[in-house]
């Protein structure tokens, strides 16, 4: 039968490990680790700020401390909720450079700092760590050199020539530490990206296998009907000599045509010998969503359910996976909100909605050779008798809505 069991598929399914090394997971763990150790360093520097504030201008001390610690607080919250991590880290990086640049102007007692490091020294590693998780590799590498170099210049200007050796050693230590951290983060990102690519390829291969399995099952079903029903009818008609025999052969022919019609969902979209509940399709789509490297929030299950043809369920599943693949690849990283809704309608149909608030795109600018939207989503759903709509604008996210209605309800609408 044509896909007699939606849950049964050829070959092994791509299985996500419990804790996969994915890009999203690496970014999340890196952000939380940097936020955690940043607060450890930040709390340790508070006593130094209090002591050195007597030798610095009040406006400078209050302003710089407020900006830096507010951005650290922002980073801590952002790393937990998984949003605006990059903005918070870049704010700290920029604020730190500005604080270094104006350090000399904020000093009121120059003699005090002849043999004392500025309290900004204790946050230098925090700034370079924030750059490693928030900036592209090239800019992070530039910051890794720029921030320690600027610190060394500030230390020499405020402490005199006697601090040159200390300034060079401090700057070298900061560069070495930041370089090692940047290298580790970069290697983890590259490894995680390879996992993402492999996982996406596995899903695509599985999708191709599902389609091939469905087509082969359909061919076997039609062959069986042709052999068992049509051939028997032809033999009966060939030997029919009496009106009664002809009437029986005519009745058998009508039954055979009915079987052929119901066994061809590609020729008659939305019709199939088998039907499954929408909840079963929903569970399968959710299982696929959980294997992605970016999270999809699942809209709670509706109270109603319905039976839909297996061929329709297969088409909706494949189109939904393609929509989720497009969102994972093009909408943005883990900070983008993605949602998934699968529910039955009161009229016995089904609606699937995949949406995100990511980068979006101009639908009119998509070239014809990009088959992900036209063939994998629109045509696939249309062949099953459904409809697919795609709403997207640059910077406004994307919403893909797939729907299928039984013939009676579709005719009424």
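The values are calculated or read from the model by the stated rules, or taken from the named source; none is laboratory data. Because the structure is predicted, anything quoted here is derived from the model rather than measured. Cβ: placed from backbone, ideal geometry, glycine included. Neighbour counts: every protein chain shown.
Scanning the range 154-178 for residues that are at pLDDT 90 or above, surrounded by 13 or more Cβ atoms within 10 Å (Cβ to Cβ) and either out of contact with any helix residue (DSSP H, G or I) (no Cβ under 6 Å at 6 or more places or on another chain) or not assigned by TED's automatic domain parsing to the domain that holds residue 97 (or both) gives a single hit, 173.
For the range 62-80, indicate whether the set of residues that are in a loop (DSSP other than H, G, I, E, B), touching a residue at least 12 places away in the same chain (Cβ under 8 Å), surrounded by fewer than 22 Cβ atoms within 10 Å (Cβ to Cβ) and touching a helix residue (DSSP H, G or I) at 6+ places or on another chain (Cβ under 8 Å) is non-empty.
From the range 62-80, those in a loop (DSSP other than H, G, I, E, B) are none; that's our starting set.
Within the range 62-80 (the criterion being in a loop (DSSP other than H, G, I, E, B), touching a residue at least 12 places away in the same chain (Cβ under 8 Å), surrounded by fewer than 22 Cβ atoms within 10 Å (Cβ to Cβ) and touching a helix residue (DSSP H, G or I) at 6+ places or on another chain (Cβ under 8 Å)), the answer is no, since none of the residues qualifies.
Hey, could you check the range 81-103 for residues that are over 22 Å from residue 33 (Cβ atoms) and in a helix (DSSP H, G or I) and say which is nearest to the chain's Cα centre (by Cα)? Let's see the steps before the verdict.
Within the range 81-103, the first condition is being over 22 Å from residue 33 (Cβ atoms), and the residues that meet it are 97-103.
Restricting the remaining residues to those that are in a helix (DSSP H, G or I) gives 97-101, 103.
Details: 97: 33, 98: 35, 99: 37, 100: 38, 101: 39, 103: 42 Å.
Step by step, filter the range 81-103, then rank; the result is 97.
Annotation note: of 352, 334, 381, the sole residue that is at pLDDT 85 or above and under 18 Å from the mean Cα position of the chain (by Cα) is 352.
Regarding the range 365-376, can at least one residue be identified that is assigned to a loop (DSSP other than H, G, I, E, B) and at pLDDT 75 or above? No, the range 365-376 contains no residue that is assigned to a loop (DSSP other than H, G, I, E, B) and at pLDDT 75 or above. Checked against the criterion of being out of contact with any strand residue (DSSP E or B) (no Cβ under 6 Å at 6 or more places or on another chain), closer than 25 Å to residue 290 by Cα and modelled with pLDDT of 90 or more, the candidates 15, 85, 81, 64 yield just one match: 85. Test residue 313 against the criterion of being under 30 Å from residue 202 (Cβ atoms), modelled with pLDDT of 75 or more and in contact with a strand residue (DSSP E or B) (Cβ under 6 Å, 6 or more places away or on another chain), and give yes or no. Taking the combined requirement at face value, the residue satisfies it.
Here the range 104-160 is the region considered, the condition is being within 46 Å of the chain's Cα centre (by Cα) and outside any helix (DSSP H, G or I), and the residue that is nearest to residue 31 (Cα to Cα) is 135.
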